[in-house]
Ligand SMILES: [Zn+2]
């Protein structure tokens, strides 16, 4: 049996500290569900009590069934000079109703005396009291040792005493954190080896990328005996980011020969990475190792020739192992594999050689060239696939025309939309006002169709994201709109692309409604 490495994702907590990253509670749920399906062991949802979004996330998360991931709430040791049971932090943690709690505490004596202004022993008591209290309340406790490496280098004995205090009080995993991201791989190995000798609990590692060593330091710790690693998808995080799990996961499997997430998930790594970027509304980094668009792109003539003969000669792994593809030989086959996988997920059975499969692959590629993106718009993809499988699917409704206008009296402005729809041989013409043009259009479209399809009353638009795509030389920039809708039971994403934001939004709205009506 291969040694087992626990993958702990903190995209939703540490990752969301990154500049330009802002997740709603719904975004967090969608990402958590994706991570759970992927097979990550822990998903840290946030800091209970820190903001209403995190509270909402934990409330929703406690009602859902999770397959592989355990949801963790993050918080810190009790305040000084206060009994643990009187500390509000503990009440908030318990209210989050997660099976796992991760507690951060001080290792570095400098921080204890200068920042906390506490006595060394009081810090030890704060760690022990907090861990024990949460254990007694049925929680599994992971202990994050802040500034573990800087603290150890400064005062080794005290640092060890803090980790031992957490272990003795019942923490099941002691995670050494390189909080400032300034350590080098050799220092990480040396200190993890010491901790390994002195502690019996599982050892974990949490690193930051300030020296460009986030992943290297995480791997150094695993090589030195840690078996739990914390990081974020795409390396999101404060300053230069956290340890990038999108690199760690394939390194653990394909380079170190250890087991982490289920092996079958590896081919979905690129998709996971793109999904999280879509939800964060960030452009996917083409140069990202393993999953970037250029990670396996070959340009040089000799290269291409050699690759043609023996792919191994210029590639460190087979790109398909992580769901990526070689770019010179963009073979029909590799594109088709992705489509087949996605189609199966959506409940369609496609034969690899069927002409429809080829037609679907070609259509997806054509649309991706136009700027469509289906990673987070599975409902639009399902409609596309269905459209090609049922050669001429009957349209449930058609939008015959629409008009959007904005009026302003100098201080306030009102948007108004009119929409004309046709269902069979009947038509409806409605007008609605809204906060913005898209909101007005959505209301008008929904009220026109609700007469024919009453169950649309349950469908609401829960999220709306807009991205301006680069114009290719000589053409105007395009707008991609991604909409998330919900019927109270589940959410689905749809996409629209146009040079005009209203047209792009309408496409995504129409797809959303079509999909709602298609489901039984
Ligand atoms: Zn951190």
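The values are calculated or read from the model by the stated rules, or taken from the named source; none is laboratory data. These figures come from a predicted structure and were not determined experimentally. All Cβ positions, glycine included, derive from the backbone under ideal geometry; neighbour counts span all protein chains shown.
For a quick check of your reading: which helices (runs of 4 or more DSSP H) sit entirely within segment 173-267 and have at least 3 residues that are more than 16 Å from residue 35 (Cβ to Cβ) and either within 12 Å of the ligand (Cβ to nearest atom) or at pLDDT 95 or above (or both)?
Hits in segment 173-267: 185-198, 214-223.
Looking for something modelled with pLDDT of 90 or more, out of contact with any strand residue (DSSP E or B) (no Cβ under 6 Å at 6 or more places or on another chain) and part of a loop (DSSP other than H, G, I, E, B) - is there at least one such residue anywhere in segment 471-491?
Scanning segment 471-491 turns up no residue that is modelled with pLDDT of 90 or more, out of contact with any strand residue (DSSP E or B) (no Cβ under 6 Å at 6 or more places or on another chain) and part of a loop (DSSP other than H, G, I, E, B).
Which one of these does residue 153 not meet: (1) surrounded by fewer than 20 Cβ atoms within 10 Å (Cβ to Cβ); (2) at pLDDT 95 or above; (3) touching a helix residue (DSSP H, G or I) at 6+ places or on another chain (Cβ under 8 Å); (4) in a loop (DSSP other than H, G, I, E, B)?
Against the list (1) surrounded by fewer than 20 Cβ atoms within 10 Å (Cβ to Cβ); (2) at pLDDT 95 or above; (3) touching a helix residue (DSSP H, G or I) at 6+ places or on another chain (Cβ under 8 Å); (4) in a loop (DSSP other than H, G, I, E, B), residue 153 comes up short only on (4).
In segment 12-55, which residues are closer than 16 Å to residue 463 by Cβ, surrounded by fewer than 19 Cβ atoms within 10 Å (Cβ to Cβ) and at pLDDT 95 or above?
Scanning segment 12-55 gives a single hit, 33.
I'm checking my understanding of the structure. Among residues of segment 138-150 that are away from the ligand (no atom under 16 Å from the Cβ) and outside any strand (DSSP E or B), which one is farthest from the chain's Cα centre (by Cα)?
The residue in question is 138.
Name the residue, out of 513, 468, that is surrounded by fewer than 14 Cβ atoms within 10 Å (Cβ to Cβ) and either under 25 Å from the mean Cα position of the chain (by Cα) or in a helix (DSSP H, G or I) (or both).
Exactly one of 513, 468 is surrounded by fewer than 14 Cβ atoms within 10 Å (Cβ to Cβ) and either under 25 Å from the mean Cα position of the chain (by Cα) or in a helix (DSSP H, G or I) (or both), namely 468.
Taking the conditions exactly as written (touching a strand residue (DSSP E or B) at 6+ places or on another chain (Cβ under 7 Å) and within 16 Å of the ligand (Cβ to nearest atom)), does residue 170 satisfy them or not?
In short, no.
How many residues, within segment 105-137, are within 34 Å of the chain's Cα centre (by Cα) and more than 14 Å from residue 147 (Cβ to Cβ)?
Looking only at that region, the number is 11.
If I filter segment 147-161 for residues that are touching a strand residue (DSSP E or B) at 6+ places or on another chain (Cβ under 6 Å) and closer than 25 Å to residue 28 by Cα, do I get at least one hit?
No: zero hits.
Condition test on residue 368, is it under 23 Å from residue 463 (Cβ atoms), without any contact (Cβ under 8 Å) to a residue 60 or more places away in the chain and under 33 Å from the mean Cα position of the chain (by Cα)?
Spelling it out, residue 368 is indeed under 23 Å from residue 463 (Cβ atoms), without any contact (Cβ under 8 Å) to a residue 60 or more places away in the chain and under 33 Å from the mean Cα position of the chain (by Cα).
Go through the residues of segment 284-303 one by one and say whether even a single one is crowded, with 22+ Cβ neighbours inside 10 Å, assigned to a helix (DSSP H, G or I) and under 19 Å from the mean Cα position of the chain (by Cα).
No: segment 284-303 contains no residue that is crowded, with 22+ Cβ neighbours inside 10 Å, assigned to a helix (DSSP H, G or I) and under 19 Å from the mean Cα position of the chain (by Cα).
Residue-by-condition table, conditions (1) under 22 Å from residue 501 (Cα atoms); (2) crowded, with 18+ Cβ neighbours inside 10 Å; (3) in contact with a strand residue (DSSP E or B) (Cβ under 6 Å, 6 or more places away or on another chain):
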| site | (1), (2), (3) |
| --- | --- |
| 375 | yes, yes, no |
| 381 | yes, yes, no |
| 385 | no, yes, no |
| 389 | no, no, no |
| 395 | no, no, no |
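Can you pull out the residues in segment 239-270 that are surrounded by fewer than 17 Cβ atoms within 10 Å (Cβ to Cβ) and either closer than 21 Å to residue 67 by Cα or under 19 Å from the mean Cα position of the chain (by Cα) (or both)?
The answer is 239, 240, 259, 262, 263, 264, 267.
Can you tell me which residue among 66, 108 is modelled with pLDDT of 95 or more and surrounded by fewer than 17 Cβ atoms within 10 Å (Cβ to Cβ)?
From the options 66, 108, the qualifying one is 66.
Conditions tested, residue by residue: (1) outside any helix (DSSP H, G or I); (2) out of contact with any helix residue (DSSP H, G or I) (no Cβ under 9 Å at 6 or more places or on another chain).
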site: 399; (1), (2): yes, no
site: 403; (1), (2): yes, yes
site: 406; (1), (2): yes, no
site: 416; (1), (2): yes, no
site: 419; (1), (2): yes, no
site: 432; (1), (2): yes, no
site: 441; (1), (2): no, no
site: 464; (1), (2): yes, no
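Conditions first: (1) more than 27 Å from the chain's Cα centre (by Cα); (2) in a helix (DSSP H, G or I). Residue 391 passes all but one, so which condition is the exception?
Exception for residue 391: condition (2).
Any idea how many residues of segment 486-509 are touching a residue at least 24 places away in the same chain (Cβ under 8 Å), surrounded by fewer than 24 Cβ atoms within 10 Å (Cβ to Cβ) and touching a helix residue (DSSP H, G or I) at 6+ places or on another chain (Cβ under 7 Å)?
Summing the residues that are touching a residue at least 24 places away in the same chain (Cβ under 8 Å), surrounded by fewer than 24 Cβ atoms within 10 Å (Cβ to Cβ) and touching a helix residue (DSSP H, G or I) at 6+ places or on another chain (Cβ under 7 Å) in segment 486-509 gives 7.
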